[in-house]
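S.K.: Shown below is the structure under consideration.
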Amino acid sequence: MRSPSWTWDELLLACALVVRNGWRELRVGDPSVTELSDLLRALPLPDRTGLADSLPEYRSAGSVSRKTTDLASNHPGYPGRPTKGGKLDKLIIKEFLAREAAMLQAADAIETGISSGQLALIPEQPDEADEDGTTAAEGRLLARWAISRERNPALRKGKIAQVRKLGLPLRCAVCAFDFRSAYGTLGDGYIEVHHLLPLHISGPRETKLNDLALLCANCHRMCHRSHHGASWRTPGELRTEMERSRSRG
Ligand SMILES: [Zn+2]
Ligand SMILES: [Zn+2]
């Protein structure tokens, strides 16, 4: 059996290592290659359960080192001939070149999630990847973590209570949709909560009620919808995007 192809999350971690090494490849025997190999073999990605035990070659130090060569040699400034590399390799390089700091933070957050054991405990979330399998720029595992964090019923209850205490209506922060006015008693008290900062920027800290915004189901979905190169919108960013599309007609 051959090792499955590299996913976005794995490439994100490998590319972070290459970036930190000044966009140079890393050799087998380099301690950071061994460390990354251990980390990759422990990632709770879909369909990978037990793979690390049955397949010694799976994300071995050798395969990690080869991947760092692919990534380093496909950088646009690389003086030599690039190795073949896949389509995703090129996309992740582009993403790191466009926003290096955020991508490095995402890699750190995944590492923290794995080493603390938190990520392994979170079950797969149905919407952590889009219908066509596209994942967020910060990766599928962080999307999983973020979504499960927002589904915490106590957090949602706390936020609703806070808004009610202030005498404010339960309304979508983007489009002002109000479930109660649209659906009557059926919609009473319904609203979703969305984090104002993505997990890889905020870091895995305790959520405060002021970190959350209230959104209708449509706007919430659109805030999480990912394309390569864009993911996780704040309510303000979603509003800007809507205005831009409206002015285009
Ligand atoms: Zn809305
Ligand atoms: Zn959200």
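A short reminder: the numbers here are calculations on the coordinates, not readings from a lab. This structure is a prediction, so every number in the text was calculated from the model and none was measured. Cβ placement follows ideal geometry from the backbone for every residue including glycine, while neighbour counts extend to all protein chains displayed.
S.K.: Counting alpha carbon pairs within less than 8 Å and at least 6 residues apart, what relative contact order, in whole percent, applies to the chain?
M.R.: Values: 305 pairs, mean separation 42.1, N = 249.
Answer for the chain is 17 percent.
S.K.: Add -39500 (n - 2.57) for each DSSP H run of 4 or more in the chain, then divide by its residues: what number comes out at 222 nm, to the nearest 500 deg cm²/dmol? Mind showing how you got there, number by number?
M.R.: Details: 13 runs with 128 residues, N = 249.
Helix contribution divided over all residues of the chain: -15000 deg cm²/dmol.
S.K.: Sort 163-176, 17-30 by packing, meaning the average of other beta carbons within 10 Å per residue, with the highest value first. List each step's numbers first, then the result.
M.R.: On the way: 163-176: 14.6, 17-30: 16.3.
So the peptides 163-176, 17-30, ranked by packing, come out 17-30, 163-176.
S.K.: For the range 148-248, with equal point scatterers placed on the C-alpha atoms only and solvent neglected, what are the log10 I(q)/I(0) values from the Debye formula at q = 0.12, 0.19, 0.23 1/Å, to two decimals?
M.R.: After summing over all Cα pairs, the log10 values are -0.41, -0.99, -1.31.
S.K.: Note down the relative contact order for the range 8-98 as a percent, whole number, built from C-alpha pairs under 8 angstrom at least six residues apart. Write out the running numbers ahead of the final one.
M.R.: On the way: 88 pairs, mean separation 32.3, N = 91.
Reported as a whole number, the value is 35 percent.
S.K.: For the chain, which cysteines have no second Cys with its Cβ under 4.7 Å from theirs?
M.R.: Lone cysteines by the Cβ rule: Cys15, Cys175, Cys219, Cys223.
S.K.: Can you give the charge dipole size of the chain about its Cα centre, rounded to the nearest 20 debye, using +1 on the beta carbon of Lys and Arg and -1 on the beta carbon of Asp and Glu? Please list the in-between numbers first.
M.R.: Working: 35 positive and 31 negative charges, 130 e Å.
Roughly 620 debye, rounded to the nearest 20.
S.K.: Let me ask you something else. Starting from 0.36 nm per residue, how many nanometres of slack lie between Glu124 and Thr49 once their C-alpha separation is accounted for? Display every interim value, and only then the final one.
M.R.: Details: separation 75, 0.36 × 75 = 27.00 nm, distance 1.26 nm.
Length gained, Glu124 through Thr49: 25.7 nm.
S.K.: May I ask for the angle, rounded to the nearest 10°, between helix 235-248 and the longest principal axis of the chain, with both axes built from Cα atoms and the value confined to 0 to 90°?
M.R.: Approximately 90 degrees, to the nearest ten.
S.K.: Based on the mean of other Cβ atoms within 10 Å per residue, sort peptides 186-197, 41-52 so the most packed one is first.
M.R.: Details: 186-197: 16.8, 41-52: 14.2.
Ranked by mean Cβ neighbours within 10 Å, highest first: 186-197, 41-52.
S.K.: How far apart, in nanometres, would the label points at Thr185 and Arg27 be if each is projected 7 angstrom from Cα along the Cα-to-Cβ direction?
M.R.: Here the answer is 7.6 nm between the modelled labels.
S.K.: While we're on this one: Expressed as cubic angstrom per residue, what is the convex hull volume of the alpha carbon set of the chain? Could the numbers behind the result be given before it?
M.R.: On the way: hull volume 38.5 nm³, N = 249.
Once divided by residue count, the hull of the chain is 155 Å³.
S.K.: Next question. Tell me, what is a quarter of the convex hull surface for the C-alpha atoms of the range 1-63, in nm² with one decimal?
M.R.: On the way: hull surface 16.7 nm².
Here the figure is 4.2 nm², rounded to one decimal.
S.K.: Just to confirm a number: summing +1 for Lys and Arg and -1 for Asp and Glu over residues other than Thr69 whose beta-carbon lies under 10 angstrom from that of Thr69, what do you get?
M.R.: Details: positive: Arg24, Arg27, Arg66, Lys67; negative: Glu25, Asp70.
Computed value for this residue: +2.
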